[in-house]
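Here's the structure, in structure tokens; my notes come after.
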Amino acid sequence: MKVSLSILTADFANMESSLHDALEITDYVHMDIMDGEFVPNISIGPAFVKAIRKITDKPFDTHLMIMHPQNYIKQFVDAGSQYITFHVEADCDIKKTIDLIKSYGVKAGISIKPKTKVEDILEYLPLVDMVLVMSVEPGFGGQSFMMDSIDKVKALKELKEKNNYSYLINIDGGIKDSTAPLISPYVDLAVSGSYVCNAENPKERIDILHNL
Ligand code: DX5
Ligand code: ZN
């Protein structure tokens with residue numbers, strides 16, 4: 001299983017020294033963007049994402065938890081994102097926003113909150129490069145994995161195989177050694193934040209996830 005390292009709970013003042021080894025082996029870096037409106041928290045913006053680009057050349061898997069993603073796509077493209085994922089629950093024209101992301105030559109992803117069903121995004125599945133299933137309520141790192149997300153990634157894998165879709169299946173929230181085996185048969189990659197960043201040896205934790 002590939003790993004997308006969420007830096008949300010990392011030590012922002014010492015990112016390079018605290019995560020250096022982990023950044024070397026992670027497959028993606030997951031950027032959590034929160035606007036205080038779509039979720040009850042505010043995190044980082046494009047300037048911060050751009051700054052992280054200086055310490056790693058790993059692909060950025062940018063996760064927009066913002067109400068109006070369509071207004072900020074170019075800024076996150078310019079900041080160095082390879083994947084930009086926004087929420088189907090956001091206030092935007094979904095198809096137009098997918099097209100907008102792709103128009104910059106960047107991969108487009110769609111994400112669903114825990115209460116949203118896979119059936120609600122069926123029409124977008126042929127259009128996206130990534131589907132991100134939230135396995136916690138978005139807004140904060142360090143929460144517990146929600147078991148009903150397992151059926152969602154399983155269904156997404158079945159739909160992908162049946163229809164020959166090309167999206168990567170990603171899952172976000174509460175991923176650690178005990179929960180990763182539950183989803184690893186179905187996902188292409190998984191986001192992990194606090195399990196990696198808040199460990200004494202972050203690289204070792206990514207190794208564990210890689211080898212499950
Ligand atoms: C939650 C974020 C997640 C979070 C994951 O809103 O989207 O990416 O940082 O953190 P952990 O792995 O600690 O649940
Ligand atoms: Zn996230």
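Residues in region 28-53 that are touching a strand residue (DSSP E or B) at 6+ places or on another chain (Cβ under 9 Å), within 16 Å of ligand 1 (Cβ to nearest atom) and assigned to a loop (DSSP other than H, G, I, E, B): how many? First the steps, then the outcome.
Step one: of region 28-53, the residues touching a strand residue (DSSP E or B) at 6+ places or on another chain (Cβ under 9 Å) are 28-36, 38-46, 48-49, 52-53.
So of that shortlist, the ones also within 16 Å of ligand 1 (Cβ to nearest atom) come out as 28-36, 38-45, 48-49, 52.
Now narrow it down to the ones that are assigned to a loop (DSSP other than H, G, I, E, B): 36, 38-41, 43-45.
The qualifying residues number 8.
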Looking only at region 165-179, and only at residues there that are more than 10 Å from ligand 1 (Cβ to nearest atom) and of a type in the set (Ser, Thr, Tyr), the one that is farthest from Leu5 (Cα to Cα):
Tyr165
Subset tally (residues that are within 16 Å of ligand 2 (Cβ to nearest atom), within 23 Å of Leu125 (Cβ to Cβ) and either in contact with a helix residue (DSSP H, G or I) (Cβ under 6 Å, 6 or more places away or on another chain) or modelled with pLDDT under 95 (or both)) for region 168-189
4
All-but-one check, Gly141 against (1) touching a Phe, Trp or Tyr at 6+ places or on another chain (Cβ under 9 Å); (2) of a type outside the set (Lys, Arg); (3) surrounded by 19 or more Cβ atoms within 10 Å (Cβ to Cβ), failing number (1)
Just to verify a result, which residue in region 127-138, among those that are touching a helix residue (DSSP H, G or I) at 6+ places or on another chain (Cβ under 7 Å) and assigned to a loop (DSSP other than H, G, I, E, B), is surrounded by the fewest Cβ atoms within 10 Å (Cβ to Cβ)?
Leu127
Please work out which one of (1) within 25 Å of Gln143 (Cβ to Cβ); (2) away from ligand 1 (no atom under 16 Å from the Cβ); (3) of a type in the set (D, E, K, R); (4) within 16 Å of the chain's Cα centre (by Cα) is the condition Glu119 fails and give its number.
(4)
Could you grab me the full set of residues in region 1-55 that are among the hydroxyl-bearing types (Ser, Thr, Tyr) and in contact (Cβ under 8 Å) with a residue 12 or more places away in the chain?
Ser4, Ser6, Thr9, Ser18, Thr26, Tyr28, Ser43
Name the one entry in Ala155, Ala199 that is surrounded by fewer than 23 Cβ atoms within 10 Å (Cβ to Cβ) and more than 21 Å from His87 (Cβ to Cβ).
Ala199
Any pair with Cβ under 9 angstrom, 6 or more apart, that starts in region 139-167 at a residue that is modelled with pLDDT of 95 or more and ends at one that is among the basic types (Lys, Arg) and not in a loop (DSSP other than H, G, I, E, B)
Ser166/Lys160; Tyr167/Lys160
Given the conditions (1) part of a loop (DSSP other than H, G, I, E, B); (2) among the hydroxyl-bearing types (Ser, Thr, Tyr); (3) over 21 Å from Ser4 (Cα atoms), and given that Thr56 satisfies all but one, which numbered condition is not satisfied?
(3)
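Could you grab me the full set of residues in region 52-79 that are closer than 17 Å to Glu24 by Cα and over 15 Å from the mean Cα position of the chain (by Cα)?
If we filter region 52-79 for residues that are closer than 17 Å to Glu24 by Cα, which is where we start, we get 52-61.
Hits for region 52-79 are Ile52, Arg53, Lys54, Ile55, Thr56, Asp57.
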Residues located in region 95-121, provided they are closer than 25 Å to Asp148 by Cα and without any contact (Cβ under 8 Å) to a residue 40 or more places away in the chain
Ala108, Ile110, Lys113, Pro114, Lys115, Thr116, Lys117, Glu119, Asp120, Ile121
Residues satisfying the stated conditions in region 88-109, i.e. under 19 Å from Val77 (Cα atoms), outside any helix (DSSP H, G or I) and touching a strand residue (DSSP E or B) at 6+ places or on another chain (Cβ under 6 Å)
Val106, Lys107, Gly109
Residues that are under 13 Å from Met134 (Cβ atoms), not hydrophobic (A, V, I, L, M, F, W, C) and not in a loop (DSSP other than H, G, I, E, B), drawn from region 145-194:
Ser149, Lys152, Asn170, Asp172
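The values are calculated or read from the model by the stated rules, or taken from the named source; none is laboratory data. Keep in mind the model is a prediction, meaning the values are calculated, not measured. Positions of Cβ are generated from backbone atoms using ideal geometry, with glycine treated the same way; all protein chains shown enter the neighbour counts.
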